[in-house]
Amino acid sequence: MGKGRTEAFSDGVFSIAITLLILEIKVPPVAGQSNRELAWALFSLWPSFFAFVGSFATILVLWINHHGLFTLAEHATPQFLFANGFLLLFIIFLPFPTALLARHLTEPGGNTAAVVYCGTYVLTNISYHLLLTAATSTQSICKDVTPRLTRRIRRAYWFGTLIYISATITAWFHAVAGVLICSLLWILWTRLSYCDKAEQK
């Protein structure tokens, strides 16, 4: 099966998930506020803005890497389709832990909210492992993809898994620190290449 329809469908899911994030940020409900009161009400929304920016950037990077994975596959096998669907399950779920984090980060249950948030990225990262395995199977992989390239991508994914697990454990003791560790992985995912630079030269 050609992969074009699968990629188009996936793009739609990513766009829905990234749009739903803004629904958590609500305009302060009290009418007739003074400038100072409104400014303070807006400032008190910082957990929502913090969670929104973090999740927006993360979903954007996940989408870019999703496209990178699709360049490795020539055909969409049943294994590939199911692995991609499993990944999309967590992508569309991400607005929920984002809303949970925004609502409870400064509350007594903030650690639990941060654990759920970071733990969701652990599961999302595992789904990328499965999609990588499906994309690089003998029935699906493009002929010009080298074993060296797949090993490099897989190493990056395993490193990300360990960091996400560390962030989840850290979040149980310090919520903000755990979330920040998750955010630092943007550096890895933005620099991860899905082409063999040596081959290009």
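The values are calculated or read from the model by the stated rules, or taken from the named source; none is laboratory data. Here the structure is a predicted model, which means the values were calculated and not measured. Cβ placement follows ideal geometry from the backbone for every residue including glycine, while neighbour counts extend to all protein chains displayed.
Some points to look at:
- Enumeration of residues in segment 136-170 that are small (Gly, Ala, Ser) and at pLDDT 90 or above: 156, 160, 166, 167
- Restricting attention to segment 149-201, the residues that are surrounded by 12 or more Cβ atoms within 10 Å (Cβ to Cβ), assigned to a loop (DSSP other than H, G, I, E, B) and more than 14 Å from the chain's Cα centre (by Cα) total 6.
- Selection within segment 103-136: residues that are under 17 Å from residue 177 (Cβ atoms) and among the small types (Gly, Ala, Ser). The member of this set that is surrounded by the most Cβ atoms within 10 Å (Cβ to Cβ) is 114.
- Those helices (runs of 4 or more DSSP H) of segment 1-84 in which 3 or more residues are exposed (fewer than 12 other Cβ atoms within 10 Å of the Cβ) occupy 4-20, 35-43.
Yes/no per residue for (1) touching a Cys at 6+ places or on another chain (Cβ under 7 Å); (2) under 29 Å from residue 143 (Cα atoms); (3) not polar (S, T, N, Q):
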| site | (1), (2), (3) |
| --- | --- |
| 5 | no, yes, yes |
| 29 | no, no, yes |
| 48 | no, no, no |
| 53 | no, no, yes |
| 73 | yes, yes, yes |
| 87 | no, yes, yes |
| 97 | no, no, yes |
| 113 | no, no, yes |
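- Each residue in segment 102-148 was checked for being without any contact (Cβ under 8 Å) to a residue 60 or more places away in the chain, assigned to a helix (DSSP H, G or I) and in contact with a Pro (Cβ under 7 Å, 6 or more places away or on another chain), and 2 of them qualify.
- Residues in segment 1-40 that are of a type outside the set (Lys, Arg), under 26 Å from residue 178 (Cα atoms) and modelled with pLDDT under 80: 23, 24, 25.
- Breaking point among (1) modelled with pLDDT of 90 or more; (2) under 18 Å from residue 189 (Cβ atoms); (3) touching a Leu at 6+ places or on another chain (Cβ under 7 Å), for residue 121: (3)
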